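*Asks:* Dropping a structure here in structure tokens format, bear with me for questions.
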Amino acid sequence: MDLIEDLVKERFGTAVARELSRKPGLFEHGKLYPRSHITETLRDEFVRRGGDDDTRKDAVARVLKKWLSGPSCPFRKEMRGRYRFLGFDATIGQALGIARPDSAKGEAPRTGAPSPVQEIGAGSYEVYAWYLPRYQATSENRWPIKIGKAGPDGLSRRLSDFHENLPEEPCYLLRIRCANDREARDREALLHAWFRSRGQELNDLPGKEWFLTNPREIADAVGNIIGANALPGSARDLEIEDVINDAFKDVTADDWARLPADLTDRLDDYLYGRDRT
């Protein structure tokens, strides 16, 4: 008798998830899936095979939250909320050029938090850029790089995520230190706008912080937005307020008065339309 026929008589659990994942056609080897898709697929298949019709997706999600990071899981976490299906056959993973989730046991433990390749400015807040080396392997020219911001607590949390949840050591490309959250938010918004205006935003990844770019382009953006004096080896950092003041020095008081009161909070709405929020 098929094991799953006995398992579906019980509540949804990790044993059910494991056996359902074995079924041909449910997941494609080597393909990347959002966690929500895995949850819905396994829940629907569980019910279709005779499981409790009242099984809720949030109950399945709670089971999968821990199982997806376990050594016996056929999925490997690639990025926040995204998992690649490797299956249960090691030869398939080898053919695809990807390792099984439990192969990482033999890796040397990661120690400490990664240090930025380049660091600019001073302050406890920051705008950062990082990527996984495997992303670079997908292209010689441009690859997915995350550009975001963090405060004193947020930075520690993100660095912890790097080590605990990512499949390999990340390349912590850039840290632009900022005096406060406002400065970090302004610099992040300007960098995002720079790459969005060039059509380099990646809309198929979670959040609005992933861009198809490279270190050289990021350095150029930083040099143009923050100023050449802010690059490594400079005598001083050019304050973001100086850049903004210079860019808008010819704007009159009447021009400023006609701008929406919520321009800062809804900058993307006004630049790209409401459907981008």
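*Asks:* Quick one: what pairs do we get from region 43-65, first residue within 24 Å of Arg76 (Cα to Cα), second acidic (Asp, Glu) and at pLDDT 90 or above, C-beta under 8 Å, 6+ apart or different chains?
*Replies:* Lys57/Glu40
*Asks:* Yes or no: Ser197 at pLDDT below 80 and among the hydroxyl-bearing types (Ser, Thr, Tyr)?
*Replies:* Spelling it out, it is not the case that Ser197 is at pLDDT below 80 and among the hydroxyl-bearing types (Ser, Thr, Tyr).
*Asks:* Can you tell me which residues in region 53-71 are at pLDDT below 85 and in contact with a helix residue (DSSP H, G or I) (Cβ under 7 Å, 6 or more places away or on another chain)?
*Replies:* Matches in region 53-71: Pro71 only.
*Asks:* Then there's this: Identify the single condition in (1) open to solvent by 50 Å² or more (accessible area, probe 1.4 Å); (2) at pLDDT below 75; (3) of a type in the set (Ser, Thr, Tyr) that Ser139 does not satisfy, given that it satisfies every other one.
*Replies:* Every condition holds for Ser139 apart from (1).
*Asks:* State the number of residues belonging to region 31-62 that are closer than 18 Å to Arg80 by Cα and among the hydroxyl-bearing types (Ser, Thr, Tyr).
*Replies:* Counting residues in region 31-62 that are closer than 18 Å to Arg80 by Cα and among the hydroxyl-bearing types (Ser, Thr, Tyr) gives 3.
The values are calculated or read from the model by the stated rules, or taken from the named source; none is laboratory data. All values derive from a computational prediction rather than experimental measurement. So basically every Cβ, Gly included, is an ideal-geometry build from the backbone, and we count neighbours across all protein chains shown. Ligands, DNA and RNA are stripped out before the accessible areas are found, and what is left, the full protein with its side chains, is counted by its heavy atoms. Shrake-Rupley method; radii C 1.70, N 1.55, O 1.52, S 1.80 Å.
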